[in-house]
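Let me begin by presenting the structure, written as structure tokens, before commenting on it.
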Amino acid sequence: MINLTEITNRSGFKKLVYKSWRWSIALAILGGVFMINEWPYSNIILSIAGIVLVLIYFVLAFGPLHEEVDWTLVFPELAGVSADEEFETESPLQKIKRLEKEIEELKKKL
């Protein structure tokens with residue numbers, strides 16, 4: 001028997017949910033316009049849009065959780081580096097000068 005999690009993982013289901021979510025948002029906006037202009041059927045349109053949104057969010061609750069991003073790859077200081085530890089404070093100009101000195105020393109050795 002197929003459970004709800006397997007159904008929510010299918011790409012066809014995700015496309016259906018995405019399209020129905022967009023349509024229900026459009027219906028909610030249309031219902032709001034009808035409500036502002038006091039046109040008939042505004043309550044029905046808003047009710048349909050609200051029910052569809054509630055059903056979509058209910059079904060999406062059974063979907064897989066998103067994977068947590070490992071921010072330490074981007075910000076290594078989040079990996080437990082304490083505030084007392086020194087980070088590299090050498091400016092690009094200082095690096096260039098240091099590398100030039102190292103190149104000169106290597107040229108002298110040759």
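Brief remarks follow.
- In the chain, the longest principal axis of the Cα atoms and the axis of helix 42-60 are about 50 degrees apart.
- Angle between the chain longest axis and helix 11-36 axis [Cα atoms, degrees, rounded to 10]: 60
- On Cα atoms only, tilt of 92-109 relative to the major axis of the chain in degrees: 40
- Dividing the summed helix terms, -39500 (n - 2.57) for each DSSP H run of n ≥ 4, by the number of residues in the chain produces a 222 nm estimate of -21000 deg cm²/dmol to the nearest 500.
- Dimensions of segment 4-109 based on its C-alpha atoms, expressed as ranges along the principal axes with the largest first, amount to 89, 39, 31 Å.
- Per-residue ³J(HN,Hα) for segment 64-79, Karplus 6.51 cos²θ - 1.76 cosθ + 1.60, θ = phi - 60°, Hz, x for Gly and Pro: x, 6, 6, 6, 6, 7, 8, 6, 5, 5, 8, 10, x, 5, 7, 7
- Selected from Leu46, Leu73, Leu27 as most flexible by GNM, with the chain as the system and alpha-carbon contacts under 10 Å: Leu73
Here, each number is a calculation from the coordinates, and none is a lab measurement. Remember, predicted model here, so these are calculated numbers, not experimental data.
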